[in-house]
Amino acid sequence: MALRTKMKRFLNTTISVFLILGIIFIPLQFGSFGFQEALTHFLFYPLVSFFEKIIFPNANPLPFSSDTRSFYILFFVLMLIAILGAIFLCFHKKRYRIPVYARTFFIYYLVFILLKYGFEKVFKTQFYIPEPNILYSEFGQLQPDILYWSTLGTARGYVMALGVVEICAALLLFFRRTRLMGLLITAAILINIILINFGFDISVKAFSLFLFFGNIYCLIPYLKPLFSFFVVKKTVSFKIENVNFPKNNAKKVLLKIFIIVAFLIEILYPYAVSGNYNDDTILRPKLHGAYEVFYFSNNNETLKKSQYPFTRLFFHRRNYLILQDSLGKMNEYHYQTNINSEIIIEDYNRKKTVLIYSFNAEDSILKMKFPDNLMLNAKMLPWKSLPALNSNFHFTVDELFIKNE
């Protein structure tokens with residue numbers, strides 16, 4: 001029995017150390033957390049690269065981002081360090097408090113993550129309105145993750161509701177008296193996210209599993225009372241874990257206020273600076289939109305439509321020029337415009353090409369001149385009027401039947 005108890009404590013300590021290491025070293029690639037990636041790269045890249053070359057000898061290492069091989073190996077390395085740390089901490093007098101600290105820290109970590117992604121949904125910066133090139137792509141040509149992202153981008157009310165639920169869960173986690181309810185709601189949120197990530201092959205599977213693992217670990221002290229209450233139907237009292245730091249209640253309140261204010265400043269400051277509280281309405285780059293080519297010439301010789309190198313152009317909000325041919329295949333180039341009515345495009349081999357353009361806002365005609373005397377005329381398409389972006393709401397379907405008759 002004594003051995004079983006020691007093994008249980010050792011496992012508990014190992015998990016606690018692993019979660020703390022994950023909070024510190026798993027890179028959050030936004031806001032003020034850029035230092036995390038640099039720190040993790042400095043400390044762990046040589047060791048991760050060593051293991052990666054052994055397991056995947058012909059692979060090129062990628063950065064520490066969710067679902068890369070490097071990310072999974074980083075998890076493995078952190079677990080090895082956690083095991084060594086747990087062995088060392090077995091000799092520490094207050095080792096029994098380590099899981100309490102780990103759960104408390106991870107709960108605040110969950111609060112931050114939920115607030116971050118909750119506000120991103122409320123302000124539509126996570127699931128933004130689909131880009132014109134997506135709207136004019138054939139359904140079957142899109143990857144499942146793009147389909148999911150684009151569909152949610154058309155449903156602002158639903159996305160905002162998801163964000164509000166995440167923000168509410170974060171607030172429930174923040175206060176000890178509502179923490180259990182917050183953990184249960186967060187578990188449901190994370191299960192849904194994990195199913196979506198696996199179902200639509202979205203590349204944050206590892207990170208969402210890490211969050212869910214930590215959430216369940218934080219729920220462990222409540223599992224026995226929950227079982228007694230819901231299954232055995234006993235009256236129970238839920239013991240609330242507390243790190244008791246600081247011991248003065250007034251200082252605790254001030255510390256909590258400081259933490260939540262720091263979280264909100266980190267999350268909301270970019271929105272306050274940009275004034276962007278609805279990404280669907282933010283100003284897009286010049287020329288942003290979709291264009292249908294109706295005229296092509298090569299050395300002043302008009303080409304037949306079947307000879308067009310491409311039939312549509314799309315200017316993406318992230319400064320990508322996307323060319324679509326008659327078969328639906330798309331090629332993309334990063335672009336910049338300058339005051340000389342030039343578009344400088346760059347392919348993935350870093351080859352740059354300068355295009356001359358003019359755009360008439362009155363008739364929405366774009367004219368472009370390519371090298372080798374290739375010229376085109378294209379008309380902007382009314383992509384905002386497509387059915388996918390139709391925001392009309394219907395309580396009844398009667399009027400829909402009338403429209404279709």
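The values are calculated or read from the model by the stated rules, or taken from the named source; none is laboratory data. Since this is a predicted model, take the numbers as computed values, not measurements. Cβ atoms come from the backbone with ideal geometry, glycine included; neighbour counts cover every protein chain shown. Just the protein is used for accessible areas: all its heavy atoms, side chains included, with ligands, DNA and RNA removed. Shrake-Rupley method; radii C 1.70, N 1.55, O 1.52, S 1.80 Å.
Here are some notes:
- When residue 3 is tested against the conditions (1) within 21 Å of the chain's Cα centre (by Cα); (2) modelled with pLDDT under 90, the lone failure is (1).
- Selected residue (criterion: nearest to the chain's Cα centre (by Cα)) from residues of segment 119-139 that are farther than 21 Å from residue 270 by Cβ and polar (S, T, N, Q): 133
- Of the numbered criteria (1) farther than 23 Å from residue 392 by Cα; (2) at pLDDT below 95, the one residue 183 fails is (2).
- Qualifying positions in segment 74-83 - more than 14 Å from residue 9 (Cα to Cα) and either aliphatic (A, V, I, L, M) or open to solvent by less than 70 Å² (accessible area, probe 1.4 Å) (or both): 74, 75, 77, 78, 79, 80, 81
Rundown of residues vs (1) in contact with a Leu (Cβ under 6 Å, 6 or more places away or on another chain); (2) farther than 17 Å from residue 106 by Cα, yes/no style:
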position	(1), (2)
3	no, yes
16	no, no
39	no, yes
48	yes, yes
62	no, yes
68	yes, yes
73	no, yes
78	yes, no
88	no, yes
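- Of the residues making up segment 190-202, just one is open to solvent by less than 70 Å² (accessible area, probe 1.4 Å) and in a loop (DSSP other than H, G, I, E, B), namely 202.
- Among (1) surrounded by 14 or more Cβ atoms within 10 Å (Cβ to Cβ); (2) under 20 Å from residue 126 (Cβ atoms), the one test that residue 309 misses: (2)
- Enumeration of residues in segment 1-30 that are surrounded by 13 or more Cβ atoms within 10 Å (Cβ to Cβ) and small (Gly, Ala, Ser): 16, 22
- Residue check for residue 318: closer than 23 Å to residue 384 by Cα and exposed (fewer than 13 other Cβ atoms within 10 Å of the Cβ): yes
- Filter result for residue 59 (aliphatic (A, V, I, L, M) and open to solvent by less than 60 Å² (accessible area, probe 1.4 Å)): yes
- Scan of segment 252-278 for residues that are hydroxyl-bearing (Ser, Thr, Tyr) and open to solvent by less than 40 Å² (accessible area, probe 1.4 Å), ordered by number: 271
- Of the helices (runs of 4 or more DSSP H) contained entirely in segment 43-156, those carrying at least 1 residues that are at pLDDT 95 or above and of a type in the set (Lys, Arg) fall at 98-122.
- For segment 225-259, a residue qualifies if it is modelled with pLDDT of 75 or more, more than 34 Å from the chain's Cα centre (by Cα) and of a type in the set (D, E, K, R), and the qualifying residues are 234, 251.
- Any chance residue 151 is surrounded by fewer than 20 Cβ atoms within 10 Å (Cβ to Cβ) and either of a type outside the set (S, T, N, Q) or closer than 30 Å to residue 311 by Cα (or both): yes
- Of the residues making up segment 312-341, just one is among the β-branched types (Val, Ile, Thr) and within 25 Å of the chain's Cα centre (by Cα), namely 322.
- Residue, nearest to residue 181 (Cα to Cα), within segment 89-133, restricted to residues that are of a type in the set (Lys, Arg) and open to solvent by 10 Å² or more (accessible area, probe 1.4 Å): 103
- Residue count, segment 203-225 (criterion: farther than 21 Å from residue 64 by Cβ and either without any contact (Cβ under 8 Å) to a residue 12 or more places away in the chain or open to solvent by 60 Å² or more (accessible area, probe 1.4 Å) (or both)): 4
- Residue match in segment 288-302 (condition: assigned to a loop (DSSP other than H, G, I, E, B), modelled with pLDDT of 90 or more, more than 21 Å from the chain's Cα centre (by Cα) and closer than 28 Å to residue 31 by Cα): yes
- Once segment 158-180 is narrowed to residues that are open to solvent by less than 70 Å² (accessible area, probe 1.4 Å) and among the charged types (D, E, K, R), the residue that is modelled with the highest pLDDT is 166.
- Which numbered condition residue 281 fails, given (1) modelled with pLDDT under 90; (2) open to solvent by less than 20 Å² (accessible area, probe 1.4 Å): (2)
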